[in-house]
Amino acid sequence: MSTVTETTYEAVIGLEVHVELDTRTKMFCSCAIDFGGEPNTRTCPVCLGQPGSLPVVNREAVAAAIKLGLALGCRIAPTSEFHRKNYFYPDMPKDYQISQYDVPICLGGSLRVDTSEGEKVVGITRVHMEEDTGKSLHVGTSGRIHGADYSLVDYNRAGIPLLEIVSEPDVRSAEEAKAYLTELRAIVLALGISDAKLEEGSMRCDANISIRPAGQAEYGTRVEVKNMNSVRSLGRAIEYEIARQIDMVEAGERIVQETRHWNEDAGTTSTLRSKEEATDYRYFPDPDLVAVAPDSAWIEQIRAGLPELPAQARTRLRDELGLPADRAGTVVGNRLVGRLDEAVAAGASAPEAANWLVNEITGWAVERGMEPAEAPVTGVQLAELVALVGDGTLSTKLAREVLTDVLEGKGSPRGIVAERGLEQISDTGALEAIVDQVIAEQADAAQRVRDGNAKAIGALVGAVMKASQGKANPAMVNELLRARLLG
Amino acid sequence: MSELVTRTAAELRDLLAAGEVSAREVAQAHLDRIRATDGRVKAFLKVLDEQALAHAGDVDRRRAAGEPLGPLAGVPLALKDILATKGIETTCASRILETYRPPYDATVVKRLRQADVVVLGKTNMDEFAMGSSTENSAFSKTYNPWDLARVPGGSSGGSSAAVAAFDAPLGIGTDTGGSIRQPAAFCGIVGVKPTYGLVSRFGLIAFASSLDQVGPFARSVTDAALLLDAIAGHDPADSTSIPEAKPDFLAGIDKGVQGLRVGVVREFMAEGMEPGVRARVDEAVARLEKLGATVVDVSLPHASYGVAAYYLIAPSEASSNLSRYDGVRYGLRVPGETAEEMMANTRAAGFGPEVKRRIMIGTYALSAGYYDAYYAQAQRVRTLIIRDFAEAYAQCDVLVGPTTPSTAFTVGEKVDDPLAMYLNDVYTIPSNLAGAPALSLPIGLDEHHLPVGLQVMAPVLGEPAMFRVARALEADLAFDPTPRGANALETPGGAAA
Amino acid sequence: MALSTDDVRHVARLARLALSDEEVEALRSQLSDILAYAEQVGEAAGGDVPPTSHAYPLANVFRADEPHESLSPEEAISTAPEAEDGRFRVPKIVGGEA
Ligand SMILES: [Mg+2]
Ligand SMILES: [Zn+2]
């Protein structure tokens, strides 16, 4: 992007995020949710849209919607309804989607995000409940929808509960959009209502993007962009689309209202359908379903059970546990707060425990394609490790080895240390014997130290460490050598 | 022809319980009657001889072994082909579902099995229950046993004709705008549209979800109440099912009308009714007064808007309910280059003209820019009709009036005039819009020897009072349900009277 | 409400009905008549009257989040007009949605 245009135009962006809930069963039927199962193994008359079948609402999905609404500071509607969104598509079993329309369950919240320019508040228009579609496999030479010879439909995903979170058009840049999506994902994960994997589609984000000359009040023509499969591609798509729109306006062309598809490989967007092709959804209240009217007792019970939210956790880690802000952000972002709190409760210092979590444990998990939070080490084990280093039993280097053993399921740090005989030798008698032996073997080096060459002591320390198979306490070795040679 | 087919369900139940007859004999007698008459009546799309005899045999075996049996064990029934039967064709009389065999049973079908009712077969209907004559079936017309040149009414014309023809003592229909009561009136039998939510809709192939309700046909009021009792009750698979316990339909059924207030709906007695219908309805009201009821004049001022509201609400819901017939998961498929073409070709070939008409009306009424003027406005009229009923019931316990403006019309008479056909439902529609129960009782014949029906309406869950009034009048009038007249089907056991 | 043939064709497209020219013409006049009749709902009720979508008012009808057995995959596709590899087969899909 040229700097000239950047100062002339402002982007106006609203985000629509769909989150697949990880309830045990689907939104309107009792089919178990099972990602990645064999095709059409998780279907029933209801989620196949068989004639005569009827939907019944999953109570847990409603609870999840209320949870997210409360976390986003929304008002929970005293009464909300389900509507039918009518359009024909092979992967939609009833050829209408049960969704919410003019009376969604949550209204009017906000989300605070941190950007390089400080805190930003993005308004939340609504959160509503709906059902997912099935999945089409496009068969043909291209493997994509365009150019496919035919398609094969699997309805395992059809009817999985979705929450759709619609933001106000408050986002102004790719950076803000990325921060918004990252924070929303962190909230969803903290609430435990979805695994929210963008790459796998259990969280999806569409962006409505328009530009206008800076200072202009009216919005420009908006373009909806779909198919971004990561936070990074959301950022790329927005940057591309802003640039495309600016180029068009600069070239005197008119932007048309349409839906565009983000092509990850090409790094471009292309037309999916124009406004003229947009469907008339013919929303009307679903006569098969009745109102959702959560009473205040239920809402308060859900509120009382809300976990600490990411923003609260970051503040607490910084202010109460003394972590630097960025370290607190990483711990929270990687969902390691619980592990940290457990370690601190077991006596570890928070900065040290956080250090292990963010560096070693996260690194180990990432190498294995796991979420850091999935790393199999408890906070108590972590505290033990920190203590073993603190009391000089383990060197940092040995502690890393011990941690790896813990992560590989070989036991607790103390158990592993005992089993492998890894305690540092801090016993003066045992160390003195090794030190004397090394001084005798390396008489030249010892003499150079006596002659005032302080650096030469390094070689002797190294030799002692080697002779002790790494178990000698380096500080004590240093001290003993100095006493012998310079004392 | 066995005289067993002339018996009511209650009589058969007692004969079976006393061991005077076996369920197999009862089933066989009715299957024989179907074989003898259905070539002319064409009530059935599919007769389930084997299943019926097997089920009857099983009932006999369990009775002999002293095992527990359902309340209507061994009593035969004709089932409208709109209720899902696992593994058995369920067509809605539509080409689009001609070969469809559901992978599950409707809740009503399960309850019938629990009652040990023997299902004889699946009956003809207007395609997707859209019609008032059963002429909209994709497969066959059905003929009125009282005059084989006339329609049996609809959409549940197959079940009502089967019960009137003595093919079965009981029938199951569905009523969205009058589809049980109007054919009951045309065929001289009892038909009940229960309170909305009293009988599960799970497995009832939807026409208009907020109006559809399953209900019984019988040749006596008590039989209708017995069948309703067997199928009613809360179903967790239907979100609109009433969770409270169902009323006791039978406890007070023989108590008479002494002390009851019967309202006569002024607007229903105004113009538009055939003189033969008016005469019988007037006589019936007079008898009710003689029997001790207090007759009061009441008004439903917005009832006349009911047809207009109904023909917006029902097609709107139907347009969405019928979207799923797209050639992808079940039913007919007509090829096309693209998925969209395949869908449009399939639906063009699979739906008949009336279904297409209603899909078009509904799609239009819900489309951008028209929703408020049509659909939302129709739902407001619905509110006004509910308020009208509430005011009327402040003055009386039940309401009465004609079920239909005319007796059965001739085959082909109204097929080319959809609006005239729709106006047949003018008296029945308000109860559907209000979700309230209503019953049609045969009260006599017009000058053409065609039955006339009296509609008895009650407030939501007011079935006990409705049955009580109907039963009192039935006992007093002693209407003979045997079809008779020049062009009638022959009487069971002999030639046409 | 008098409909044009274009109106009828537009609605038919929305409803996925491939209509012949004769059907379009017949529907144009029938729909116009029926809608003209139905329009009387406009005069019957004022905007102050709340619409009723369910005659029997119920709320909060929920299901416990407990899995029940699904259909077997064979049963699930047993009704399919065309299937392949346990999936429902359809002609190519042109134009995206969702
Ligand atoms: Mg959505
Ligand atoms: Zn299911």
Query raised in the report: Straight-line reach from A:Lys466: which aspartates and glutamates have Cα under 16 Å away, leaving out those fewer than 8 places along the same chain?
Result: A:Glu423, A:Glu432, A:Asp436, A:Glu441
Query raised in the report: Which percent, to the nearest 5, of DSSP beta bridges fully inside chain A are antiparallel?
Result: 90
Requested in this report: Go through A:Ala475, A:Gly338, B:Gly121 and say which Cα lies farthest out towards the positive end of the charge dipole of the protein assembly as shown; charges sit on Cβ, +1 for Lys and Arg, -1 for Asp and Glu.
Outcome: A:Ala475
Report summary line: Dipole check, chain C, charges on Cβ (K,R +1; D,E -1), about Cα centroid: among C:Leu31, C:Gly46, C:Pro91 the Cα furthest to the positive pole belongs to C:Pro91
Query raised in the report: Got a sec? Which residues in the range B:62-98 would a label at B:Gln51 touch, if it sits 7 Å along Cα→Cβ and we count backbone N under 14 Å?
Result: B:77-92
Report summary line: In terms of the alpha carbon gyration tensor, root eigenvalues a ≥ b ≥ c, rounded if a/c is under 1.5 and otherwise prolate when a/b exceeds b/c or oblate, the range B:123-250 is oblate
**Report entry** Net charge dipole size for chain B [Lys, Arg +1 and Asp, Glu -1 on Cβ; Debye, nearest 20]
**Finding:** 560
Report task. Report the antiparallel proportion of the DSSP beta bridges in the range B:1-150 as a percent, rounded to a multiple of 5. Result -> 50
Query raised in the report: Between the range A:19-42 and the range C:26-98, what is the C-alpha centre distance in whole Å?
Result: 21
**Report entry** Spatially proximal lysines relative to A:Lys135 (Cα-Cα < 24 Å; intrachain offsets below 8 disregarded)
**Finding:** A:Lys26, A:Lys85, A:Lys94, A:Lys197, A:Lys226, C:Lys92
**Report entry** Dipole magnitude (debye, nearest 20) for chain A, charges at Cβ of Lys, Arg, Asp, Glu
**Finding:** 480
**Report entry** lysines with Cα under 26 Å of B:Lys414, excluding same-chain neighbours fewer than 8 positions away
**Finding:** B:Lys42, B:Lys80, B:Lys122, B:Lys141, B:Lys193, B:Lys356
Report task. Would you please classify the overall shape of the range B:72-186 from the alpha carbon gyration tensor, given that a ≥ b ≥ c denote the square roots of the eigenvalues, rounded means a/c under 1.5, and beyond that prolate means a/b larger than b/c while oblate covers the rest? Result -> oblate
Query - Shielding by partners - mean other protein chain Cβ count within 10 Å, residues of B:425-434 - result: 1
**Report entry** Debye intensity ratio in log₁₀ form over the Cα atoms of the range B:395-441, taken at each q of 0.19, 0.27 Å⁻¹
**Finding:** -0.72, -1.10
Query raised in the report: If a helix is a whole DSSP H run, which ones in chain B reach 15 Å or further along their own axis (Cα) and hold a mean Kyte-Doolittle hydropathy of at least -1.0?
Result: B:23-41, B:221-231, B:275-290, B:306-321, B:339-350, B:353-366, B:377-392, B:463-477
Report summary line: Here the percent of antiparallel bridges among DSSP beta bridges lying wholly in chain B, to the nearest 5, is 65
Report summary line: About its Cα centre, the protein assembly as shown carries a charge dipole, from +1 on Lys and Arg Cβ atoms and -1 on Asp and Glu Cβ atoms, whose size in debye to the nearest 20 is 860
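With a ≥ b ≥ c taken as the square roots of the eigenvalues of the C-alpha gyration tensor of chain B, please select rounded if a/c is under 1.5 and otherwise prolate if a/b is larger than b/c or oblate if it is not? Before the final figure, lay out each step's value.
Numbers: a/c = 1.42, a/b = 1.05, b/c = 1.36.
Rounded shape, in that the Cα axes give a/c under 1.5.
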Query - Helix-only [θ]222 nm of the protein assembly as shown, DSSP H runs n ≥ 4, -39500 (n - 2.57) each, per residue, nearest 500 - result: -11000 deg cm²/dmol
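Throughout, read-outs are computed from the coordinates displayed, never taken from laboratory work. In this text the structure is predicted, and so the values were computed from the model without any measurement. Cβ coordinates were reconstructed from backbone atoms using ideal geometry, including for glycine residues, and neighbour counts include every protein chain displayed.
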